[in-house]
Amino acid sequence: MALYGYLLELVALKEREPGDDLISRLITERVATGEITRETAAMNGNILLIAGHETTSKMIGLSTLTLLRNPEAPARIRDTDDPGVLANAVEELLRYLTIAQDMIVRVALEDLTIGGQLVRAGDTLVTNLSAGNRDSTFLTGPDRFDIGRSARGHLAFGYGVHQRLGQSLARAEPESALPALLRRLPELRLAVPAEELRFRHEMATYGVHELPVAW
């Protein structure tokens, strides 16, 4: 709510003093015409901030930690020139980490039964993508990180028509960031024991609060 309040203030500021930025464009092209409200413009800014920065930073941080905890993995990413190998590794990281913990909310349109549980039309469902990606009917040994396996078909971006719109960018970012990081800092290692790291279990986007490293 504090972030939303700040963005409402930003919308008001850009309305008075428009600039060459996205919020100003939303105001001049959408708010001023009555297409959206000021509140919607602020919420759009909130969504873009979380989806465009929060998920990216947490995915790269967690991916780095996962690679450092699997000694053979950094070299495979650092030394490959094969885009297919890198893309496959990122798919496995997306599946294994599944940082969107509880963001997928759906409403049943009709009565149905899931796992023996009756769901009535109109009931709200909060889906657990992490559990789906760790389902043994999907992969063998799903709790094991395996950089060489094919994890295509995972649920990290949702499923069906409601899959995340920005998933192509979300794949491209770690595909660029991880090899660049490991090639620039080949001696990269954790600066503290992994047991001391604090994880964001209580937040919608999973990750580490900080990742101290050395090289």
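The values are calculated or read from the model by the stated rules, or taken from the named source; none is laboratory data. As the structure is a prediction and not an experimental result, all values here were calculated from the model. All Cβ positions, glycine included, derive from the backbone under ideal geometry; neighbour counts span all protein chains shown.
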Selection status of residue 113, loosely packed, with under 12 Cβ neighbours inside 10 Å, of a type in the set (Val, Ile, Thr) and at pLDDT 95 or above:
yes
Output the residues belonging to the range 84-100 that are surrounded by fewer than 20 Cβ atoms within 10 Å (Cβ to Cβ) and either among the hydroxyl-bearing types (Ser, Thr, Tyr) or without any contact (Cβ under 8 Å) to a residue 12 or more places away in the chain (or both).
84, 85
Going by the structure shown, is residue 197 surrounded by 16 or more Cβ atoms within 10 Å (Cβ to Cβ), in contact (Cβ under 8 Å) with a residue 12 or more places away in the chain and not basic (Lys, Arg)?
no
Can you pull out the residues in the range 162-213 that are among the small types (Gly, Ala, Ser), under 21 Å from residue 131 (Cβ atoms) and modelled with pLDDT under 90?
204
Would you mind finding the one in 3, 68 that is surrounded by 15 or more Cβ atoms within 10 Å (Cβ to Cβ) and under 27 Å from the mean Cα position of the chain (by Cα)?
68
Which residues, counting only those in the range 170-206, are assigned to a helix (DSSP H, G or I) and more than 17 Å from residue 55 (Cβ to Cβ)?
179, 180, 181, 182, 183, 184, 194, 195, 196
Considering the range 128-161, residues that are among the polar types (S, T, N, Q) and surrounded by fewer than 16 Cβ atoms within 10 Å (Cβ to Cβ), and then whichever is modelled with the lowest pLDDT, we arrive at 128
